[in-house]
Amino acid sequence: MEAKNVAGYGDGCLRIDQSRVTSHDFQNLEELITIEFERTGGFTGIPVRVILNGGLLEPREFLSVRQMVEDSGFFMISTREMQVNAGTDQFQYRIVISTAKQRHEVVLTEKQVPEDLKPLIRFLTGKVRLRNQ
Amino acid sequence: MQKDRALKVLTLSGQIRGRRQSLHKIRFPFPRTLQPGKQRFVYSANFGSGLPGTLARSEGQPPAVDNTINEAYNGAGDTYDLFLDQYGRNSIDGAGMQLISTVHYEQGYDNAFWNGEQMVYGDGDEDLPPAERLFNRFTVAIDVIGHELTHGVTQFEAKLAYWEQSGALNESFSDVFGSLVKQKKLNQTADQADWLIGQGLFTSNVNGEAIRSMKAPGTAYNDPLLGKDPQPAHMRDYVETASDNGGVHINSGIPNRAFYLAAMEIGGKTWEKAGKIWYITLRDKLIERSTFQDAANMTFNVAGDLFGKDSNEQKAVKAGWEGVGISIGGKKRCWLWRWMFKN
């Protein structure tokens, strides 16, 4: 990606400046992301699943997703040991993210989700709920 | 006055008993004040995730303008009354524990849960346009409230591990007492009850009458978006899965139907006999890794203790479990063996 799309912020982090992304830039992004998301458990026990193919997303949404994945430090998160006394009726999440270079899977209960991963889970849950539209 | 005295005795016996309570691992942010009588506190998370949130109604206060708050308050009260009046249990811990509920949890939160300390309820799909909503608020069904509160009772008694068969039993006991709260509220006999769990949770956009059916597991819904109710009604259809903590919300259909069959065979008001058998089994007999077979054997024994050997009640319990493919005294499905085999 060209430097024009990367903006510096006060916290010292570099983030993608989505307002300056063009379709040309998107075509240059070879490291496409596929996300498999599954939510099980909850009072209803009704599972929901969605597979998100980065190549089929709008460029800005794709960059937003990639940013959320980076911000969450997803590839550093390890699956926590399942607790046999996990909160009753709470959700359980399974997320698998694949890129051209790596594939990583985590399984977490609602209680175990790190704060930085919550935006991505909210986004993916929103995608599932949009099925009805 | 007499009721107050009885409650004080119950509270004391709850404190003294403590025989199955290892509370050292449990953190209580709320004072576990041992007082007689209901102590209900309903908070609002105001669509955020902070718990418990802002206090909206406490014991004895008049109804709030927001009906969701009143549903949580009244449902907790009805559940408390069932356990106290029918089984002599003073609240979740048997010693007058405060009943803490939080409503309006997060946005678009299709769930209700017990977090080990309190009950939490989402508003379903309140943030979507009506035509796209699948779930209503989770306080709408009184049995959901009874279900969540019973998870608390289980935590203080059998402590059924939330995994595979013990987890499915944990779920089933919650459905049983959730249903009994509703049946008691409506003053229904076994044959008058609908035996549905979570009726009213689905909006009219969903093809389904409830989340689960204790009478006919696997038939509660069949919807193009949500799929078909996956609950089995018999051991031959037991689902082996790693999802949902080993299928705790799926395989609970089996003990749920066993209870339904026993209750129908006994007849009358279910909370009086079948409910008592199941309550004493949960309180005194089951342990962390109990299986369906253990539950069958123990409910059979308790029915014999309460109503006599070969009594109609004991025969009904036996018939209930046989109806789902579990024979009393039958071979135990060893979870350790299955775990080793799978790994």
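The values are calculated or read from the model by the stated rules, or taken from the named source; none is laboratory data. On a predicted model such as this, the values are computed, not experimentally measured, just so you know. Using ideal geometry, Cβ is built from the backbone for each residue, glycine included, and neighbour counts are taken over all protein chains shown.
Among the residues here, A:V69 qualifies as modelled with pLDDT of 90 or more and β-branched (V, I, T).
Considering B:P63, B:P29, the condition of being surrounded by fewer than 17 Cβ atoms within 10 Å (Cβ to Cβ) and modelled with pLDDT of 95 or more is satisfied by B:P63 alone. Checked against the criterion of being part of a loop (DSSP other than H, G, I, E, B), surrounded by fewer than 18 Cβ atoms within 10 Å (Cβ to Cβ) and at pLDDT 85 or above, segment A:113-132 has at least one qualifying residue.
When segment B:178-196 is limited to residues that are assigned to a loop (DSSP other than H, G, I, E, B) and polar (S, T, N, Q), the one that is surrounded by the fewest Cβ atoms within 10 Å (Cβ to Cβ) turns out to be B:N187.
B:V176 meets the conditions (1) over 18 Å from B:H147 (Cα atoms); (2) modelled with pLDDT of 95 or more; (3) in contact with a helix residue (DSSP H, G or I) (Cβ under 9 Å, 6 or more places away or on another chain); (4) among the β-branched types (V, I, T) in every case but one. The failed one is (1).
Residues that are among the basic types (K, R) and in a loop (DSSP other than H, G, I, E, B): does segment B:313-326 have at least one? No, every residue in segment B:313-326 fails to be among the basic types (K, R) and in a loop (DSSP other than H, G, I, E, B). Taking the criterion of being modelled with pLDDT of 90 or more and more than 14 Å from chain B (Cβ to nearest Cβ), would at least one residue in segment A:85-94 satisfy it? The answer is no, given that none of the residues of segment A:85-94 is modelled with pLDDT of 90 or more and more than 14 Å from chain B (Cβ to nearest Cβ).
For every residue, the table says whether it meets (1) of a type outside the set (K, R); (2) modelled with pLDDT of 95 or more; (3) surrounded by 23 or more Cβ atoms within 10 Å (Cβ to Cβ).
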residue	(1), (2), (3)
B:M264	yes, yes, no
B:T270	yes, yes, yes
B:K309	no, yes, no
B:R338	no, no, no
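Residue count for segment B:112-129 satisfying the condition of being within 9 Å of chain A (Cβ to nearest Cβ), surrounded by 22 or more Cβ atoms within 10 Å (Cβ to Cβ) and farther than 30 Å from B:G96 by Cβ: 1. In the set (1) at negative phi; (2) within 14 Å of chain A (Cβ to nearest Cβ); (3) touching a helix residue (DSSP H, G or I) at 6+ places or on another chain (Cβ under 7 Å), B:G108 fails one condition alone, (1). Remark: pairs (first residue in segment B:50-71, without any contact (Cβ under 8 Å) to a residue 12 or more places away in the chain; second residue surrounded by 12 or more Cβ atoms within 10 Å (Cβ to Cβ) and in a loop (DSSP other than H, G, I, E, B); Cβ separation under 7 Å; 6+ apart in sequence or on different chains) = B:T54/B:N46. Scanning segment B:216-263 for residues that are more than 13 Å from chain A (Cβ to nearest Cβ) and assigned to a loop (DSSP other than H, G, I, E, B) yields a total of 6. Mind listing just one residue for me: the one in segment B:130-153 that is more than 8 Å from every other protein chain (Cβ to nearest Cβ) and β-branched (V, I, T) and, of those, farthest from B:M97 (Cα to Cα)? Going through the qualifying residues, I end up with B:V140.
In the set (1) under 26 Å from B:L134 (Cβ atoms); (2) buried (at least 20 other Cβ atoms within 10 Å of the Cβ), B:E157 fails one condition alone, (1). In segment B:197-215, the count of residues that are surrounded by fewer than 24 Cβ atoms within 10 Å (Cβ to Cβ), in contact (Cβ under 8 Å) with a residue 40 or more places away in the chain, in a loop (DSSP other than H, G, I, E, B) and away from every other protein chain (no Cβ under 14 Å) is one or more.
Taking segment B:93-177 as the region of interest, none of the strands (runs of 3 or more DSSP E) fully inside it holds 2 or more residues being out of contact with any strand residue (DSSP E or B) (no Cβ under 7 Å at 6 or more places or on another chain).
The set of residues from segment B:84-105 being among the polar types (S, T, N, Q), touching a helix residue (DSSP H, G or I) at 6+ places or on another chain (Cβ under 9 Å) and closer than 18 Å to B:G60 by Cα comprises B:N90, B:S91, B:S101, B:T102.
Annotation: B:F177 fulfils all but one of (1) more than 18 Å from B:L261 (Cβ to Cβ); (2) away from every other protein chain (no Cβ under 12 Å); (3) of a type in the set (F, W, Y); the unmet one is (1). Condition (residue is closer than 23 Å to A:K111 by Cα and part of a loop (DSSP other than H, G, I, E, B)) applied to segment B:52-72: is it met by at least one residue? Yes, that holds for at least one residue.
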